[in-house]
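Engineer: This is the structure I have questions about; it appears just below.
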Amino acid sequence: TAVNVLAGYGASFYSIGDNFDSFIGRLSLAYLISPLSKAELGVERSYFDSMLGNFYVRNLVFAKYDQMFDGRFVLSLQASLARFDYGVIRDPSGAPIPGFSPNPMSEFRIEGLLFLEYRIQDWLGINATLQSTSNLTDFYYQDPAMPLGRDAGAYWKVTAFAGLRFFL
């Protein structure tokens, strides 16, 4: 069993608009079920620079499970739910941008990931990753080129990757 605790305080100093000024951190609990399997649960709070406003705050809850089979197959499952909070969206002069809400915006994101690997040799493996991301929001971008004059900020995205891993 392992406990990971990271705690701190974050502050931003943007010249115009809102600033972030709050605690940040991560707390996770990992449990080694067997020498070949591990489960982890955790929460995380952090902030990042944003294209919409100065920053966004991410509050995340996640779960992970890793399993190795027969010394050659690796399976990893991950799931997370996050809330994203954005400040007020302003132009470089600090004025609200027409078409955007003058209020802060929030949205939720649900993600799931499946990773599989087959280790051909100790130093060589092939892998595949499948990830699904769903952004849940009622936020709209005002866009006269769109049929309704707006484009929804909500989306669902699925990505797939294949790879080759080798160890030197």
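The values are calculated or read from the model by the stated rules, or taken from the named source; none is laboratory data. In this text the structure is predicted, and so the values were computed from the model without any measurement. Positions of Cβ are backbone-derived with ideal geometry, glycine not excepted, and every protein chain shown enters the neighbour counts. All accessible areas refer to the heavy atoms of the entire protein, side chains included, with ligands and DNA or RNA removed. Shrake-Rupley method; radii C 1.70, N 1.55, O 1.52, S 1.80 Å.
Engineer: Pairs under 7 Å by beta carbon, first residue closer than 12 Å to THR137 by Cβ in segment 89-112, partner modelled with pLDDT of 80 or more and in a loop (DSSP other than H, G, I, E, B), six or more apart or different chains?
Structural biologist: Filtered contacts from segment 89-112: GLU107/THR137.
Engineer: Next up: Could you say whether any residue in segment 73-90 is in a strand (DSSP E or B), among the small types (Gly, Ala, Ser), open to solvent by less than 50 Å² (accessible area, probe 1.4 Å) and farther than 29 Å from PHE13 by Cβ?
Structural biologist: The initial filter retains those residues of segment 73-90 that are in a strand (DSSP E or B), namely 73-86, 90.
So of that shortlist, the ones also among the small types (Gly, Ala, Ser) come out as 76, 79-80, 82.
Checking the rest, the ones that are also open to solvent by less than 50 Å² (accessible area, probe 1.4 Å) come to 76, 80, 82.
Still in the running and farther than 29 Å from PHE13 by Cβ: 76, 80.
Yes; the residues of segment 73-90 include at least one that is in a strand (DSSP E or B), among the small types (Gly, Ala, Ser), open to solvent by less than 50 Å² (accessible area, probe 1.4 Å) and farther than 29 Å from PHE13 by Cβ.
Engineer: Among the numbered conditions (1) more than 23 Å from VAL57 (Cβ to Cβ); (2) within 19 Å of the chain's Cα centre (by Cα); (3) at pLDDT below 80, tell me where PRO98 comes up short.
Structural biologist: Unmet condition: (2).
Engineer: Given the conditions (1) touching a Gly at 6+ places or on another chain (Cβ under 8 Å); (2) at pLDDT 90 or above; (3) of a type in the set (Val, Ile, Thr), and given that ILE120 satisfies all but one, which numbered condition is not satisfied?
Structural biologist: For ILE120, the failing item is (1).
Engineer: Ok, one more. Contact list please: Cβ distance under 7 Å, first residue in segment 62-87 and at pLDDT 95 or above, second residue part of a loop (DSSP other than H, G, I, E, B), pairs at least six apart or on different chains.
Structural biologist: What qualifies is GLN67/LEU36; MET68/LEU36.
Engineer: Does segment 39-46 contain at least one residue that is open to solvent by 80 Å² or more (accessible area, probe 1.4 Å) and either free of Cβ contacts under 8 Å to residues at least 40 places away in the same chain or under 19 Å from PHE139 (Cα atoms) (or both)?
Structural biologist: Taking segment 39-46 first, the residues open to solvent by 80 Å² or more (accessible area, probe 1.4 Å) are 41.
Cutting the leftovers down to either free of Cβ contacts under 8 Å to residues at least 40 places away in the same chain or under 19 Å from PHE139 (Cα atoms) (or both) gives us 41.
Yes, there is a match, as at least one residue in segment 39-46 is open to solvent by 80 Å² or more (accessible area, probe 1.4 Å) and either free of Cβ contacts under 8 Å to residues at least 40 places away in the same chain or under 19 Å from PHE139 (Cα atoms) (or both).
Engineer: Right, another one. Return the total of residues in segment 53-72 being touching a strand residue (DSSP E or B) at 6+ places or on another chain (Cβ under 6 Å), in a loop (DSSP other than H, G, I, E, B) and open to solvent by 50 Å² or more (accessible area, probe 1.4 Å). Steps first, please.
Structural biologist: Filtering segment 53-72 for residues touching a strand residue (DSSP E or B) at 6+ places or on another chain (Cβ under 6 Å) gives 53, 55-68, 72.
If we keep only those that are in a loop (DSSP other than H, G, I, E, B) too, we end up with 53, 72.
Cutting the leftovers down to open to solvent by 50 Å² or more (accessible area, probe 1.4 Å) gives us 72.
Total meeting the criteria: 1.
Engineer: While we're here: Scan segment 100-138 residue by residue and report those that are more than 26 Å from PHE13 (Cα to Cα) and in a loop (DSSP other than H, G, I, E, B).
Structural biologist: ASP122, TRP123, THR137, ASP138
Engineer: Take the residues in segment 139-168 that are part of a loop (DSSP other than H, G, I, E, B) and farther than 30 Å from ILE97 by Cβ, then tell me which one is modelled with the highest pLDDT.
Structural biologist: First, the residues of segment 139-168 that are part of a loop (DSSP other than H, G, I, E, B): 139, 143-149, 153-154, 167-168.
Going one step further and asking which of them are farther than 30 Å from ILE97 by Cβ, we end up with 167-168.
On the way: PHE167: 87, LEU168: 82.
Ranking the candidates gives PHE167 first.
Engineer: Condition first: modelled with pLDDT of 95 or more and surrounded by 13 or more Cβ atoms within 10 Å (Cβ to Cβ). Now tell me which residues in segment 1-28 satisfy that.
Structural biologist: The answer is GLY10, ILE24, GLY25, ARG26, LEU27, SER28.
Engineer: Now for a separate question. With VAL57, VAL43, VAL61, VAL74 as the choices, which residue is more than 16 Å from the chain's Cα centre (by Cα) and among the β-branched types (Val, Ile, Thr)? Please lay out each step first, then the result.
Structural biologist: Values: VAL57 fails: more than 16 Å from the chain's Cα centre (by Cα); VAL43 fails: more than 16 Å from the chain's Cα centre (by Cα); VAL61 fails: more than 16 Å from the chain's Cα centre (by Cα).
Of the residues listed, the single one that is more than 16 Å from the chain's Cα centre (by Cα) and among the β-branched types (Val, Ile, Thr) is VAL74.
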